[in-house]
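So the structure is just underneath, and the comments pick up after that.
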Amino acid sequence: MEFQNIGRICTVQICHKKNFLPFKCKFCFAPYCQDHFKVDDHGCKQKNNLASKAISCPYCLKTVKYLGSLNENEALDIHQATECNPEDIEKVMKEKKSVFCESEQNFVREICNVCGKSFIDFNELIQHAEQTHYIQG
């Protein structure tokens with residue numbers, strides 16, 4: 001009788017096992033038994049909220065990493081308010097790797113990170129970014 005208040009009941013509705021040392025899900029923090037503590041075993045709905053995602057900023061072309069609990073617009077708003085600098089676009093574009101074209105000529109191509117269009121010349125890419133995406137180079 002003295003152990004009735006010790007432990008937790010598994011959160012899975014069809015289980016209800018009482019565990020003296022329950023497992024806690026790292027995403028939803030609910031208590032589970034040994035059979036249901038893994039994310040896939042209890043169908044955790046919170047697991048995608050902590051997944052890391054990335055998007056390219058249309059103003060500075062930097063890759064913005066964010067958690068899945070945010071949507072793309074929220075992530076871009078935070079990035080633009082804190083670290084976005086459109087004047088760095090040329091520097092960022094030079095840092096981005098060129099893609100090696102798999103053609104007979106083996107041209108080195110520059111890729112627009114906003115729309116994916118490829119260019120042979122870096123200056124064409126800058127001109128494209130300014131005219132098409134209204135990004136100042």
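State log₁₀ I(q)/I(0) for the stretch 1-46 at q = 0.20, 0.22, 0.33 Å⁻¹ as given by the Debye formula over alpha-carbon point scatterers of equal weight, solvent excluded.
-0.57, -0.67, -1.25
Cut-off is 10 Å between beta-carbons; in what order do Y32, Y66, Y59 appear when sorted fewest neighbours first?
Fewest to most other Cβ atoms nearby, the residues stand as Y66, Y59, Y32.
Read-outs: derived from the displayed coordinates by stated rules, not from any lab. Just so it is clear, the model here is predicted, and its values are computed rather than measured. Don't worry about glycine lacking a Cβ; one is built from the backbone with ideal geometry, like all the others, and counts go over all protein chains shown.
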